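Written below as structure tokens is the structure these notes are about.
Derivation of every value follows stated rules applied to the coordinates shown; laboratory data play no part. This one's a predicted model, so the numbers in the text were calculated from it and none came from an experiment. Cβ coordinates were reconstructed from backbone atoms using ideal geometry, including for glycine residues, and neighbour counts include every protein chain displayed.
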Amino acid sequence: MKTLRLYPWVIAVLLSPAHSAVPLSSIDKNSIWGRYVPNEYIVEMTDVQSLGRRTRRSQLHQDVYKEMRKRGVNVEVKKEYDVPGILTGASMTLSTPGDVARMNEIPGVEAIRPVLMIPSPQPIDMVIVDDPNDPHLPDSLSTHIMTGVDKLHEEGLYGDGVKIGIIDTGVDYTHPVLGGAIGPGNKIIGGYDFVGDAYNGTNTPQPDNDPLDQCAGHGTHVAGIIGANPNNSYGIIGVANGASLAAYRVFGCTGSTSDEVIIDALLRGYKDGMDILTLSLGGVDGWTEGTSSVVASRIAQKGIVVTIAAGNDGAYGSWYTSGPGNGISVISVASVDNIVIPIQNVTVKGVDHNPIPYLEAIPFNVTGDLPIYATSTNTSITDDACSPLPSDTPDLSGYVVILHRGTCAFTQKLANAAAKGGKTFLIYNSDTGAWDSIAVGNYTAALISAEDGKFLVEQFAANASIALNFPQVGGQYNLPDAHGGLVSSFSSYGPTFDMYFKPAVAAPGGNILSTIPVPLGSYAVESGTSMATPFVAGAVALILQSRGKCTEVGLAVRDLLQTTASPVLSETIEGSLLQTATQQGAGLIQVNRAVHIRTIVTPAQLLLNDTANFHSYQTITITNTGSKKVRYKLEHVAAGTAATIRDASIFASLGPVPLTNATARVKISPKSLTVGPGESKTVSLSFTAPAADASSLPVFSGFINVVGTNETVHVTYLGAAASLKDQTVVDNTDSYFGVTLPIILDGAGNVQTNPTNYTLVGSDFPTAVFRMAFGSPALSFDLVDKDTTIANPVSRRGLLSFNRPFESVDKTVRTIGSLAEVAYVARNSDADDADDNGYNALSILGTFANNSQIPDGQYRVLMSALRVAGDPSDDGDYERWLSPIVGINAANP
């Protein structure tokens, strides 16, 4: 089936802080695109015989172009793809969105997908280190011990003979720990720069053959995790330091890139014969259908292992996966925290108190004794400094400003305090917050404990003579991380809206010391799934070196990693639930077990779907590759069930997503069996979804352990204990702006409530503003007659606007013209940050999607959103909204 046509350049994906404090005036009505590159599509071509004549493969592109011209489709072909089994087609610029509809009917055109923007990878925290003799920096060997890499190194496995392609910001191959040079015989054997330094995602790439990066740095940190040579001054040892690396640069020094560029890099790495491709990048997607996700998956299906970051959006909760990590066959990687944290101490003066640890690898560049200023003396509030500080706040430039964690982004709190002159900040943890890296931008700020923070606030409230001093030497030590080995709080939650298992596995990604470009400081501690992903790529190289570089092993690697992984708890408290598989995947990789395991169980993951499409009966196959017969016992171990939707709400639960012990039941037959050497046997499984509150859209998961004499493996399962089709798709509440959505904004940026005429001159045009509470496989906007009414209202959890409800549209409603159609839409976030996917907008600028003029007249805008798992032909599976009357009275030029 062909992909739904898209008209994205009239969609403006606009982002804003969450909650009712967000002013409507912050909407940029002149922005006409967001995550989509205007007018650009990747057209996939297949089935040459469908053109109705004998066509050689070499003529396929030209024959399709000829058919386009016959239909009046005007395109500019940017590049052609002809990689059999991966991608055949072309990247094109279309003249009008209407061309998509006409092209969709051309024989030989299989799919038409928009080109998407992918943001540059940003680590959660970055601390440049400059003291190679500091014994308190995190030891990369701690991550090796957590995953069994150390044991394989002792066996002499370092990834020799394996080629790994790094698709990222490029690599500083001049770094001595990365070999100091590029080319055959070096660690960095080659690569390609697809973009150039000046590329920012909006200008023209300037490619060349040199993937050197000395300005962004992300790819160099990735390269060090994989391949840092041992015996360096910082003690860093790459997971696969014997492997050969190639760097494919897809980002400039700043800005974004497009998935078209990423696809070029994937295809180049495939053609260059890489054994592994690793991508520490991605953008919020939620579906498996993006072109880069599809291409990455097809490459993986050829036996080339592809590892991709799961994303750093754990704070935004469930159903928030990233592409291209959503590719069905790729290894999407979550992050777990390192078992140690390098921290510093601040000295307390004037009152009796122990030094206060703050979460930084090197001391603040702050000298002298500074008094403290607490932005609130009430330690029970969590929205401390989320709003501008009072006018009577003193100049804070000479203070250490104390703030409470909670409610809004750290950078928002810090910006409000900095507006009053603040320069140095300590943020005290909430009682339940994780001791974790936090995103503080360029501010001199760090996290301290809740206990220490409350003490400081109490001293401030009592007008105590207290001051803080930041020792420049002697204040550091390694703190055993109480959260170490648990999934990092920033690690994104799945699953995809089409119920695929994302992420696949987890690896160390929190608090990782590695290389950065020499001009930027050479070494830094960073956190993110960007760090976990190359760790898995390096681990795969060890597996390939041991088990052999061949298609069969490449196809089996993800299963090996998943079945031998160690399930991760949700807390370190004894008896706590296992973390949901929607965040940990199959668990923390144990590479030595993946190399040596003799019990092979397939499939490694069981996708049970939702209750409306429940796959309750499953089978697994156990193969004994050892030389002796083995008696196996099978047991069920449930993970916590994720309440993915908030109580009495239509919105996804924020991270950490609440877990319950309402878990699935499984009948296993047989529960024990003997498997001879070289023999395979099948086990039947019958799942019953947990009896949980369907309104919370519970996603349940767990493990079927296969316990042998000397080894245990497991299969991971995932399902939803509710119907996805019952979940509200479009935000119809007032929780974000304080007005019930969707809305039409008039030319002045005010909410339109009465019939309004627009001249379409300057800013005098209407803009539909909306938010997606859940994903939708199909979203459209049409103009309809002003007298159109919608019959048969359908209530959605009692949260409807009384004047503009979502309803089932009468099938007799006639649309006058399409304004926009978008396929596979992600949900919005509850971001406090204006740049983080808070809402969407569609501006009506005088033309339909096919570029024809909208006649002067009176209309309404009809918005239609298909629910997840809905039937596109069933009118009842849509949510619809009808706008107030919009008059088009375009001024003559």
(request) Fewest Cβ neighbours within 10 Å first, please rank Asp275, Asp647 accordingly. (result) Asp647, Asp275
(message) With only alpha-carbon pairs counted, each pair once and no self-pairs, how large is the Kirkwood hydrodynamic radius of segment 412-469 in angstroms?
(response) 12.6 Å
(message) Can you return the lysines within cross-link range of Lys66? Criterion is Cα-Cα under 23 Å, with same-chain partners fewer than 8 residues away left out.
(response) Lys2, Lys78, Lys79
(message) Through the Karplus equation 6.51 cos²θ - 1.76 cosθ + 1.60, θ set to phi - 60°, convert the phi angles of segment 512-519 into ³J(HN,Hα) values in whole Hz; use x for Gly and Pro.
(response) 10, 8, 7, 7, 9, x, 4, x
(request) Give me Arg860, Arg814, Arg71, Arg598 ranked fewest to most by other Cβ atoms within 10 Å of their Cβ, as a rough exposure proxy. (result) Arg814, Arg71, Arg598, Arg860
(request) Report, in deg cm²/dmol and to the nearest 500, the calculated mean residue ellipticity at 222 nm for the chain, where each DSSP H run with n ≥ 4 adds -39500 (n - 2.57) and the sum is divided by the residue count. (result) -4000 deg cm²/dmol
(request) Report ³J(HN,Hα) in whole Hz for each residue of segment 258-270, in order, from the Karplus equation J = 6.51 cos²θ - 1.76 cosθ + 1.60 where θ = phi - 60°; Gly and Pro get x. (result) 10, 6, 4, 5, 5, 4, 4, 5, 4, 5, 5, x, 5
(request) Enumerate the amide H contacts of Ser258 below 5 Å, restricted to partners 5 or more residues apart or on another chain; note that Pro and chain-start residues carry no placed amide H. (result) Ile118
(message) For the chain, which cysteines have no second Cys with its Cβ under 4.7 Å from theirs?
(response) Cys550
(message) Using Cβ contacts closer than 10 Å as the measure, can you line up Glu67, Glu526, Glu679 from fewest to most?
(response) Glu679, Glu67, Glu526
(request) List the residues whose amide H sits under 5 Å from the amide H of Asn39, counting only those 5 or more places along or on another chain, with H placed 1.01 Å from N in the peptide plane. (result) Trp9
(message) Once each part is reduced to its C-alpha centroid, what is the distance from segment 648-682 to segment 58-96 in angstrom?
(response) 45 Å
(request) Could you count how many Lys pairs in segment 598-727 have their Cα atoms under 30 Å apart, skipping same-chain pairs fewer than 8 positions apart? (result) 12
(request) Express the Stokes-Einstein translational diffusion coefficient of segment 706-754 in µm² s⁻¹, to the nearest whole number, given a Kirkwood radius over alpha-carbon pairs, 37 °C and a viscosity of 0.692 mPa s. (result) 206 µm²/s
(request) Please give the FRET efficiency for Glu711 paired with Thr572, using the beta carbon to beta carbon distance and R0 = 41 Å, rounded to the nearest 0.05. (result) 0.95
(message) Please list log₁₀ I(q)/I(0) at q = 0.10, 0.13, 0.15, 0.18 Å⁻¹ for segment 340-480, using the Debye equation with identical point scatterers on the alpha-carbon positions.
(response) -0.28, -0.49, -0.67, -1.01
(request) Provide the per-residue ³J(HN,Hα) series for segment 863-870, in order, calculated from phi with Karplus coefficients 6.51, -1.76, 1.60 and θ = phi - 60°, each as a whole number of Hz, with x at glycine and proline positions. (result) 9, 10, 10, 6, 6, 4, 6, x
(request) Mind checking which lysines have their Cα closer than 18 Å to the Cα of Lys786? Skip sequence neighbours fewer than 8 apart in that chain. (result) Lys811
(request) Please report the orientation-averaged projected area of segment 616-672, defined via the convex hull of its C-alpha atoms, in nm². (result) 6.4 nm²
(request) Taking H placed 1.01 Å from N in the peptide plane, check which residues at least 5 places from Tyr758 or on another chain put their amide H under 5 Å from its amide H. (result) Gly887, Ile888, Asn889
